[in-house]
Amino acid sequence: AGDPDYSGDGPPVFASFNRPAKFNDTVLDAWSEILRRVPAARLELGASLFGDAAARERTFERFDARGIAADRMRLHGTRSYAELFAAYRQVDIALDPFPFSGCTTTCDALWMGVPVIARTGATFVERQSASLLQRLGRDEWIAADTGSYIERALGLAADLPAIRGGRRALRDQ
């Protein structure tokens, strides 16, 4: 279901297609720091809630308060699974929220060959994504704290040719 090959070009595209309820202030601070340190990068967020104009506006406001302009972001509402997989074809790096990590969203990203940056944690909901990544032998994408989460995301963004070229290999794992 879906071709993992990258269909975009240009600056890095970070994304999270998790529920916005998982986007606490620490997560937004980390994502904003990543965007500040990769000035040309974009952030794509997708969830059914973003079909609501007020929710979109509130999200833009939360990032604007952190110095990230709305023109660096794209928010998507409800999509079919086929549309979701198509969206992943233009994503370079998935950012997993914390402490409430993804599971299905992480599987979707990995299925489409998109690396996922995740944090580990003490509870099941904190370590779902990290457990999946560890099973794939991708410990380099697992962070113990917010600082290393940011650094891992920046490291991937600095090597876009490898990320974009390695999509099929990741999917085949």
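The values are calculated or read from the model by the stated rules, or taken from the named source; none is laboratory data. These numbers were taken from a predicted model, which means no experiment stands behind them. Don't worry about glycine lacking a Cβ; one is built from the backbone with ideal geometry, like all the others, and counts go over all protein chains shown. Only protein heavy atoms, including side chains, enter the accessible area calculation; ligands, DNA and RNA are left aside. Shrake-Rupley method; radii C 1.70, N 1.55, O 1.52, S 1.80 Å.
Positive-end ranking of Ala109, Met73, Gly155 along the dipole of the chain, with charges on Cβ about the Cα centre, is headed by Ala109. Surface composition of segment 106-150: carbon plus sulfur atoms contribute 57% of the solvent-accessible area (1.4 Å probe, protein chains only, all chains present). Taking the average, over residues, of other Cβ atoms within 10 Å as the packing measure, peptides 45-56, 120-131, 92-103 rank 92-103, 120-131, 45-56 from highest down. For the chain, averaging the sequence separation of C-alpha pairs within contact (under 8 Å, six or more residues apart) and dividing by the residue count gives a relative contact order of 27 percent. Each label point was placed 7 Å from the Cα along the Cα-to-Cβ direction; for Val125 and Thr104 their separation is 1.6 nm.
Highest mean first, the peptides 161-171, 11-21 sorted by other C-beta atoms within 10 Å per residue fall in the order 11-21, 161-171. A straight chain from Gln134 to Ser80 at 0.36 nm per residue would run longer than the Cα-Cα distance by 16.6 nm. Our helix-only sum for the chain, with -39,500 (n - 2.57) per DSSP H run of n ≥ 4 divided by its residues, gives a mean residue ellipticity at 222 nm of -13000 deg cm²/dmol.
Between Arg37 and Asp172, the simple label model (points 7 Å from Cα in the Cβ direction) yields a spacing of 3.2 nm.
Which parts of segment 48-85 would a label at Asp29 reach, counting a residue when its backbone N lies under 17 Å from a point 7 Å out along Cα-to-Cβ? The answer is 62-68. Residues of segment 7-36 with backbone nitrogen within less than 12 Å of a virtual label 7 Å along the Cα-to-Cβ line of Thr146, please, listed as ranges. 24-34, by backbone N distance to the label point.
Peptides 149-155, 68-74 ordered by packing proxy, namely the average of other Cβ atoms within 10 Å per residue, highest first: 149-155, 68-74. Note on semi-axes √(5λ) of the Cα gyration tensor in Å: of the candidates [x] 29, 16, 15; [y] 25, 19, 12; [z] 21, 18, 16, the value calculated from this structure sits at [z]. Can you give me the Cα centroid spacing of segment 134-158 and segment 5-67 in angstrom? The distance from the Cα centre of segment 134-158 to that of segment 5-67 comes to 18 Å.
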